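Here is the structure we will look at.
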Amino acid sequence: MRVLNYLELADRLDRSGIGTAVDHQRAALSETDIEVETTPWQEGHPAWALGGNIAFNDPMFREFDIAHCNMIGPGSVAVARYAAQADIPLVLHAHVTREDFRDSFRGSNLVAPALGRYLRWFYSQADLVLCPSEYTKDILESYPVDAPIRPMTNGVDIDALAGHEDLREDYRRRYDLDGMVVFAVGNVFERKGLTTFCELAQETEHDFAWFGPYDAGPQASKTVSRWVNDPPENVTFTGWIEDIRGAFGAGDVYLFPTKAENQGIAVLEAMACGKAVVLSDIPVFREYYEDGHDCLICADEAEFREALERLAENPDLRDRLGENAKETAREHSLDRVGRRLVETYEELA
C-alpha cells in the first residue's frame, strides 16, 4: 500500500511540535510494509502554483492509495479535493485547533474565531480525522466537525534521545547552569506558560532554562518580547539548540505550566529521559498521566512553587517520578504508533 504522508510547509515547521509529530509518523511507518510518499506533487507542481480550478486530469499528483495530510493550508486543501475526485480515502490529522492557536503570536487571539470556522469546514472533508488525544477529539466535536474522529498518540522517539546524559556537562557549562535546573523545551509562547515559568523563577533560587526558539520580530507577542528581552536573573532563554538531547541532559525538573495542549510531545520526551515532570492541571494531562505517580500536576502558581520545593528537598521523589515516567513513555513508543497507523490505513482501504 502506498500512503501519502504530507506536511505542507515542512521546511518552516521542522522546529515545531507538528514537524516532530510527522517525523514520528514517518519513522514509525519505516518499520512497516507501507510505502510512504512525502509529497503529493509531480515535479513542477508545488501547492502554491495551483489555481482556483484544479485540472484533475493533469497528472500533477503522484499515485497513492491513502492521503494523510498533517496541515491545513492550500496544498492540503488541494489534496483533499483531489482525493474526493479520485475516490481516495482521506485522513486529516488535527494538530491545529482554535484553542491551541491562541496566545501564540501577536494577533493570534483575534484570528482564532475565524480559524475555528475554517477548521470545522476543513476537517469535515475527511474520511477520518486523527488527533493526539481524547481532549482534542472533544474540542473538534464541539465545533462540530462532521467526520469520524479517532485519538492517536503522537508518540515519542525514545531511541533518538539516547545519550542525553553524555551531553549534561557540556550544556550546563554552555548556558552557565548549576544545581537543580528547572527547564522547558519548545517554542517560547505565552500559551505554554511563559509568564508563570518566569514568575516562579523570580520566587526561587534555582536556575531556570527554556530551550527553544522564540520570535523577536514584529510578529512576536508583547509578553514574549517582554520576558526574553528582560528575563529574571536566573532565567536563560537559549534559542534554538542543535541537539535537543542537550536540553534533557542539562535539566533536572521539566516544568510545563501550559494553558492548552493537544498532547505535548516534549513532555513525553522528558519522561523518556527519566526526568521529574511538573505539569499544569489541564484535561489532556489528566488523560495521559497520573499525579504523584509519573508527574506532579498543579492547579495554580502556589502549587507549582510547592512542587518545585518538594522536588528540590527530595531527590528520591525526583528519581521515583522519573523512573515511573520512563514506563509511561514506553506506552507511546513508535512501534505502537506504527501499528495503529497501519491498522487505520488498512481499515480505510
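The values are calculated or read from the model by the stated rules, or taken from the named source; none is laboratory data. Owing to the predicted nature of the structure, the values given are computational and were not obtained by experimental measurement. For neighbour counting, all protein chains shown are included, and Cβ atoms are generated from backbone atoms with ideal geometry for every residue, glycine included. Quick note on the areas: whole protein, heavy atoms, side chains included, nothing else; ligands and nucleic acids left out. Shrake-Rupley method; radii C 1.70, N 1.55, O 1.52, S 1.80 Å.
Some notes on this structure:
- Figure legend: label point modelled 7 angstrom from the Cα of Tyr143 along Cα→Cβ; residues of region 75-102 with amide N under 13 Å from it are 77, 92-101.
- Measuring only protein heavy atoms, the 1.4 Å probe finds Thr32 accessible over about 40 Å².
- With 0.36 nm allotted per residue and the present C-alpha distance subtracted, the Asp178-Asp230 stretch has 16.6 nm of extension available.
- In this view, the solvent-accessible surface of Glu306, computed with a 1.4 Å probe and all protein chains in place, comes to about 110 Å².
- Calculated SAXS-style log₁₀ I(q)/I(0) at q = 0.16, 0.19, 0.25 Å⁻¹ - region 278-349, Debye, Cα scatterers: -0.66, -0.81, -1.10
- Within the accessible area of the chain (1.4 Å probe), percent carbon and sulfur: 44
- GNM on the chain, alpha-carbon springs under 10 angstrom: the most fluctuating residue among Val77, Val156, Val253 is Val77.
- Taking the chain as a Gaussian network of alpha-carbon nodes connected by springs under 10 Å, the highest mean-square fluctuation of the residues Glu290, Glu165, Glu203 belongs to Glu203.
- In region 94-231, Rg over Rh equals 1.06, where Rg is the alpha-carbon radius of gyration and Rh the Kirkwood radius from pairwise Cα distances.
- Region 12-39 and region 311-349 have Cα centres spaced 18 Å apart.
- Within the same chain, aspartates and glutamates fewer than 8 places from Lys259 are excluded, and of the rest, those with a Cα less than 16 Å from its Cα are Glu99, Asp100, Asp103, Glu190, Glu199, Asp281, Glu287, Asp300, Glu301, Glu303.
- When only the Cβ of Lys, Arg, Asp and Glu is charged (+1, +1, -1, -1), the dipole of region 158-331 relative to its Cα centre reaches about 500 debye.
- Mean accessible surface per residue for region 247-349, computed with a 1.4 Å probe while every protein chain stays in place, in Å²: 39
- Signed unit charges on C-beta, dipole axis of the chain, positive-most listed residue Thr238, Asn70, Pro283: Asn70
- By DSSP, the beta bridges lying fully in the chain are antiparallel in about 5 percent of cases.
- Comparing mean-square fluctuations of Arg318, Arg117, Arg98 from a GNM of the chain with C-alpha springs under 10 Å, the top value falls on Arg117.
- Separation of the alpha carbons by more than 29 angstrom is noted, of Lys137/Lys192; Lys192/Lys275; Lys222/Lys326, for Lys222/Lys326.
- Counting only protein heavy atoms and using a 1.4 Å probe, the accessible area of His95 comes to about 20 Å².
- Approximate spin-label separation Asp170-Arg339, in nm, with each point projected 7 Å along Cα-to-Cβ: 3.5
- Cα convex hull of region 158-331 - mean projected area over all directions, nm²: 9.3
- The chain - percent relative contact order, Cα under 8 Å, separation 6 or more: 17
- Per-selection Kirkwood Rh - the chain (Cα, Å, 1 d.p.): 21.2
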